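Read the structure below first, then the notes.
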Amino acid sequence: MPRRVLIPLLAALVAVAAVAVFVFTREGGPRAAVFAGEPTSAQYAVIDTSALDPRPLTEAEVFGPSTVQLVAGGVTMKRDSTTVLADCAEAVWGVEAAQCTQAMSASYSSADKTVAGQFVIFNLADGRAADALVAQLGTAGFVRQAGAFDATRSRAQARALGHFVTVSWVGPVGNGTPDLAYPQIALDGLGRAVVSSRVIAAT
């Protein structure tokens, strides 16, 4: 191939590769191997909109001392770190977190270090926006992974609870095959507790 043709061709290939890497790192990421999504229900009608429940989430409310260790079925998940995100878009890839004003996350690991996972909570305008985000997490993109667990063998639960969305995502660490049911129940319970306290306050 003539040199005058080869050089522009190589330059074009490099440019295409650069765009591909940019798109993947910006918009791509791992998903849970098993995913379950649940829309909001009448149980959360009293906090169906942020107008009914205008108080912003606080780090102390979501990640207070009682949530350092979460227990379910004899399994203890210990909190490793927490993050308050400046922008909801930082918490997801391939998903538009429309009408989202807050997002917080925490990473957890089991006492024996065979399971790790994360919990994420989103504060949205209303139950319709919450349902839409849950639906997108099941089909379009996902939350950004935090923690060194195997996403290819992981499981996640997303719930719309009034104008909030919670995501609990757990996976094995290493080559073992630990039971992920109770670790996920433990993290999922955190979201239920936080939102239930809002329901009680509203009633």
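The values are calculated or read from the model by the stated rules, or taken from the named source; none is laboratory data. Just so you know, these numbers come straight off a predicted model, no measurement behind them. When we count neighbours, we look across all protein chains shown, and the Cβ atoms used for this are built from the backbone with ideal geometry, even at glycine. Accessible surface is based on the protein model in full, side chains and every heavy atom, while ligands, DNA and RNA are left aside. Shrake-Rupley method; radii C 1.70, N 1.55, O 1.52, S 1.80 Å.
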key: Among residues of region 93-110, those that are of a type in the set (A, V, I, L, M) and not in a loop (DSSP other than H, G, I, E, B), counted   = 3
note = Picking from Ala45, Ala86, Ala125, the residue that is surrounded by fewer than 21 Cβ atoms within 10 Å (Cβ to Cβ) and in contact with a helix residue (DSSP H, G or I) (Cβ under 9 Å, 6 or more places away or on another chain) would be Ala45
remark   = Counting only strands (runs of 3 or more DSSP E) wholly inside region 113-203, the ones holding at least 2 residues that are in contact with a Cys (Cβ under 8 Å, 6 or more places away or on another chain) and modelled with pLDDT of 95 or more are 115-124
message = If I filter region 10-25 for residues that are out of contact with any helix residue (DSSP H, G or I) (no Cβ under 6 Å at 6 or more places or on another chain), open to solvent by 60 Å² or more (accessible area, probe 1.4 Å) and modelled with pLDDT of 95 or more, do I get at least one hit?
response = no
inquiry  = Suppose the filter is modelled with pLDDT under 95 and closer than 25 Å to Thr40 by Cα; does Ala98 pass it?
reply    = yes
request  = Only residues that are touching a residue at least 24 places away in the same chain (Cβ under 8 Å), open to solvent by 20 Å² or more (accessible area, probe 1.4 Å) and polar (S, T, N, Q): list them for region 58-78, please.
outcome  = Thr76
note = Result of the Cβ filter at 7 Å on region 141-170, keeping first residues that are without any contact (Cβ under 8 Å) to a residue 12 or more places away in the chain and under 25 Å from Asp48 (Cβ atoms) and partners that are open to solvent by 10 Å² or more (accessible area, probe 1.4 Å) and not hydroxyl-bearing (Ser, Thr, Tyr), at least 6 apart or interchain, is none
